[in-house]
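*Asks:* Attaching a single structure in structure tokens format; questions to follow.
The values are calculated or read from the model by the stated rules, or taken from the named source; none is laboratory data. All of these numbers come straight from a predicted model, not from anything done at the bench. Using ideal geometry, Cβ is built from the backbone for each residue, glycine included, and neighbour counts are taken over all protein chains shown. Protein only, heavy atoms only, side chains kept; ligands, DNA and RNA dropped before computing areas. Shrake-Rupley method; radii C 1.70, N 1.55, O 1.52, S 1.80 Å.
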Amino acid sequence: MHRDLVYLVQTDTTAGFLSCSAERLALIKERPRRKPFLKALAHFSDIQNIGRVPAIHRAMVRRSKKRSFILPNGESFRVVHERHKAFIEKFGWCFTTSANRHGESFDEAYARKMCDVVVESIEGFSAKEPSGIWRLHRTGKVKIR
């Protein structure tokens, strides 16, 4: 497994590109390099490497399924619980994004053409509802999506 390759994977929410290289993902997605990518984590203990979850939100983050969070320091993450968790464990973490051009809908032919490695299950790929995104503050939270 190479950290700089881009993988096409059916995630627990939608078909997505995963890579440890934000530059490669930005190039493929045709989106600004300064716009950060979400980090997919396999374990809650990995959160401590990217930032601190405010105490008021820790229980919600631990219980969440299919939710992404933006920490007060601007870093964003999602802890994966389902089928591609084993894939992410091999890397420790991965940047993740939907498998489409920035602002467009899922196109499987485009996604297959742009990735380096296709990780396909028997179910194939599908564009489902993306994860909800919450911005966490020290005293509150705001739903972004």
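Here's the yes/no breakdown for (1) small (Gly, Ala, Ser); (2) open to solvent by less than 20 Å² (accessible area, probe 1.4 Å); (3) within 26 Å of His43 (Cβ to Cβ); (4) outside any strand (DSSP E or B):
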site: Ser68; (1), (2), (3), (4): yes, yes, yes, no
site: Pro72; (1), (2), (3), (4): no, no, yes, yes
site: Gly103; (1), (2), (3), (4): yes, no, no, yes
site: Lys113; (1), (2), (3), (4): no, no, no, yes
site: Glu129; (1), (2), (3), (4): no, no, yes, yes
site: Ile133; (1), (2), (3), (4): no, no, yes, no
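*Asks:* A further question on this structure: Is it the case that segment 89-96 has a residue that's under 18 Å from Val6 (Cα atoms), part of a helix (DSSP H, G or I) and of a type in the set (Lys, Arg)? Please lay out each step first, then the result.
*Replies:* Quick first cut of segment 89-96, residues under 18 Å from Val6 (Cα atoms) only: 89-96.
Now drop any that are not part of a helix (DSSP H, G or I), which leaves 89.
Next cut, of a type in the set (Lys, Arg) only: none.
No, segment 89-96 contains no residue that is under 18 Å from Val6 (Cα atoms), part of a helix (DSSP H, G or I) and of a type in the set (Lys, Arg).
*Asks:* With under 21 Å from Arg135 (Cβ atoms), open to solvent by less than 30 Å² (accessible area, probe 1.4 Å) and in contact (Cβ under 8 Å) with a residue 24 or more places away in the chain as the only criterion, which of Phe44, Phe77 stands out?
*Replies:* Going through Phe44, Phe77 in turn, the sole match is Phe77.
*Asks:* How do the strands (runs of 3 or more DSSP E) wholly within segment 1-41 filter down when requiring 1 or more residues that are buried (at least 19 other Cβ atoms within 10 Å of the Cβ) and among the small types (Gly, Ala, Ser): which remain?
*Replies:* Numbers: elements: 7-10, 15-19, 38-41.
By residue number, 15-19, 38-41.
*Asks:* Determine which single condition Phe37 fails, assuming it passes every other condition in (1) at pLDDT 90 or above; (2) touching an Asp or Glu at 6+ places or on another chain (Cβ under 8 Å).
*Replies:* (2)
*Asks:* Going by the structure shown, is Arg63 over 22 Å from His2 (Cβ atoms) and in contact with a Phe, Trp or Tyr (Cβ under 9 Å, 6 or more places away or on another chain)?
*Replies:* No.
*Asks:* Would you point out which residue out of Arg52, Arg62 is part of a helix (DSSP H, G or I), surrounded by fewer than 16 Cβ atoms within 10 Å (Cβ to Cβ) and either of a type in the set (Lys, Arg) or touching a residue at least 60 places away in the same chain (Cβ under 8 Å) (or both)?
*Replies:* Arg62 is the lone residue from the list that is part of a helix (DSSP H, G or I), surrounded by fewer than 16 Cβ atoms within 10 Å (Cβ to Cβ) and either of a type in the set (Lys, Arg) or touching a residue at least 60 places away in the same chain (Cβ under 8 Å) (or both).
*Asks:* Any residue that is under 11 Å from the mean Cα position of the chain (by Cα) and under 28 Å from Thr139 (Cβ atoms) - is there at least one of those in segment 41-50?
*Replies:* yes
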